[in-house]
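Each remark here refers to the structure printed beneath this line.
The values are calculated or read from the model by the stated rules, or taken from the named source; none is laboratory data. Predicted model, so just to flag it, every value in this text is computed and none were measured. FYI the Cβ positions are ideal-geometry reconstructions off the backbone, even for glycines, and counts take in every protein chain you see.
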Amino acid sequence: MSDRDRLNLLSILDSTQKILEYTNGYSNVEEFAGNQRDFDTVMMNFVVIGEMVNRLTDQFADTPPHSTSILVLTNHGIYSRVL
């Protein structure tokens with residue numbers, strides 16, 4: 001994996017962690033959407049994730065899944081697993 005892809009994946013992980021952080025504690029979507037600052041921050045982090053995905057190299061996209069790391073997002077956190 002190239003250094004560029006590794007940095008892009010770390011940015012995706014960072015943004016995902018921020019999304020979890022900023023959405024933690026809300027009991028429903030209406031409450032979350034009512035807090036403009038947190039809502040906008042989360043939306044911007046989704047934009048960052050999209051930009052970082054677009055910057056991944058073709059080499060990374062062509063890498064078979066069995067030889068790369070995956071990030072798993074759950075309601076309990078983010079986990080990285082090497083397959």
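Contact annotation: no residue pair with Cβ atoms under 6 Å, 6 or more positions apart or on different chains, pairs a residue in the stretch 33-57 that is under 16 Å from ARG4 (Cβ atoms) with a partner that is at pLDDT 95 or above and among the aromatic types (Phe, Trp, Tyr).
Of all residues in the stretch 1-20, those that are under 11 Å from THR57 (Cβ atoms) have Cβ atoms under 6 Å from Cβ atoms of residues that are hydrophobic (A, V, I, L, M, F, W, C) and assigned to a helix (DSSP H, G or I), 6 or more apart or on another chain, in ASP5/PHE60; ASN8/MET52.
If only residues of the stretch 2-38 that are exposed (fewer than 15 other Cβ atoms within 10 Å of the Cβ), under 28 Å from ARG55 (Cβ atoms) and among the hydrophobic types (A, V, I, L, M, F, W, C) are counted, the one that is nearest to the chain's Cα centre (by Cα) is LEU10. Considering every residue within the stretch 54-61, establish whether at least one is of a type in the set (S, T, N, Q) and loosely packed, with under 10 Cβ neighbours inside 10 Å. There is at least one residue in the stretch 54-61 that is of a type in the set (S, T, N, Q) and loosely packed, with under 10 Cβ neighbours inside 10 Å.
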